[in-house]
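The values are calculated or read from the model by the stated rules, or taken from the named source; none is laboratory data. Since we're looking at a predicted model, the values are computed, not measured. With ideal geometry, Cβ positions are generated from the backbone for all residues, glycine too; neighbour counts draw on all protein chains shown.
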Amino acid sequence: MKEQRNNLINTIVDAIGKLFSRSVFFAIWLFCGGNLFSQDAHFSQFYASPLTLNPAIAGTYTGTFRISTIYRDQWRGAIDNPLRTFAASGDVKFELDYGKKNLPDIVAVGITFFSDRVTAFDYNTNQILLTVAYHKALDKKTKQYLGIGIQGGILQKSINYEDITFQDQFNAIDGFTLPTGELLPPNNRAYSDINLGIYYSISPTKNTSFHLGAGYFHANKPNISFYNIPDIIDPNVFKTDTLHAKWSVHTGASFKTSDRFYLQPRINVLLQGNQSELNLGTTFRYKLSKTSGQYLSFGPYLRGVKNYNNFGLESVIGMVGLEMNNFIVGFSYDQNLSSLLKDRRSLSSLEISIIYIGEHHNDDNFCPQW
């Protein structure tokens, strides 16, 4: 009897622990990461995912086409199922010289695939977007451009209810085996999504360039609630969950301080609903030899966020990259400075990015490319 009672107690403790661990993870995910159900995921290497930073960045490189990929693995050391975010995009540009010798205007088109997965709940966000951008040449001497861009596509969200445990499913004996009384809607929805952007760049000297841009995402503010269906008539059920529009404002510069050394400061501000985020830092770019097209890039970055409380410093970020002819490979590591329930496990993240630019030339940058 005593052994059976101990086994029963252990079973109940394990079941409660399972529910508690998922609750703690949900709290960490909700309050520390900024990845709310109705908020966007982010990248520390924001500059390495250009078409998710600003639609008007399409075509802003020295070359004929660009392919960009980036992968983010978040909180692997703290939770059993880390958050994973992936984006891949490609854009190609066409120069419009109108038969003149002036600086040509540029038209660019692109496509973007985006995926964000919260594996603990199998909650997935997927996007496919088409981009069109136009860059008007303003001054040949300073290579001055002003561009606009627009994106349109489909945003799809899904969740697996089998991976979610509700409190009313606990049978008080050996686990969560009872059916739930929760009213569960269809678990897969798709919505239209529209994004806009503007971008300005100038190179006043051969060794200096500046850029400034802003992207306005989810301009149509779609209702992403799973409950927004005619079949649900319960007046107590909220059927509206608006995906807030997001501003992405960014600026940066590139200064060539010697034959082999560059400074590239960057700033990115994200504003969405009541949340805000600031990313800033400097990349140091060093040419490995005078005759090669290889560069080593590295630098520190900081992230500050405002989620459920006041604005504060969230993470310190270290970045390193290698440019090899047409390829740019980047690595970054985030160390989160916040904690929840005095949990000392590391809330860290890792990102890997790869960019390929066709017919790329390092000596004549349209804008800082990494």
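Which of the residues belonging to the range 160-188 are surrounded by fewer than 14 Cβ atoms within 10 Å (Cβ to Cβ) and among the small types (Gly, Ala, Ser)?
Ala172, Gly181
Take Ser248 and decide whether it is hydroxyl-bearing (Ser, Thr, Tyr), modelled with pLDDT of 95 or more and either under 15 Å from Leu51 (Cα atoms) or not in a strand (DSSP E or B) (or both).
Here the answer is yes, as Ser248 does meet what is asked.
Suppose the filter is surrounded by 17 or more Cβ atoms within 10 Å (Cβ to Cβ) and within 19 Å of the chain's Cα centre (by Cα); does His211 pass it?
Judged against the criteria, His211 is not a match.
Answer yes or no: is there a residue in the range 133-143 that is at negative phi and at pLDDT below 85.
Checked against the condition, which is being at negative phi and at pLDDT below 85, the range 133-143 yields no hits at all.
Could you grab me the full set of residues in the range 281-295 that are in a strand (DSSP E or B) and hydrophobic (A, V, I, L, M, F, W, C)?
Phe284, the sole residue that qualifies.
Could you pull out the residue among Lys93, Lys101, Lys18 that is of a type in the set (D, E, K, R) and modelled with pLDDT under 50?
Lys18
Being under 20 Å from Ala48 (Cβ atoms) and aliphatic (A, V, I, L, M) is the filter here; which residues of the range 110-129 pass it?
Ile111, Ile128, Leu129
Could you list, in sequence order, the residues of the range 150-184 that are over 24 Å from Arg117 (Cα atoms) and either at pLDDT 95 or above or in a strand (DSSP E or B) (or both)?
Ile150, Phe170, Phe176, listed by residue number.
Report, by residue number, each residue of the range 296-319 that is among the hydrophobic types (A, V, I, L, M, F, W, C), assigned to a strand (DSSP E or B) and either surrounded by fewer than 16 Cβ atoms within 10 Å (Cβ to Cβ) or at pLDDT 95 or above (or both).
Passing the criteria: Leu296, Phe298, Leu302, Leu313, Val316, Ile317, Met319.
Restricting attention to the range 110-143, report how many residues are more than 16 Å from the chain's Cα centre (by Cα), buried (at least 17 other Cβ atoms within 10 Å of the Cβ) and closer than 16 Å to Thr60 by Cβ.
Counting residues in the range 110-143 that are more than 16 Å from the chain's Cα centre (by Cα), buried (at least 17 other Cβ atoms within 10 Å of the Cβ) and closer than 16 Å to Thr60 by Cβ gives 8.
For the subset of the range 185-222 comprising residues that are part of a loop (DSSP other than H, G, I, E, B), out of contact with any Asp or Glu (no Cβ under 9 Å at 6 or more places or on another chain) and within 26 Å of Asp40 (Cα to Cα), which member is modelled with the lowest pLDDT?
Among them, the one singled out is Asn187.
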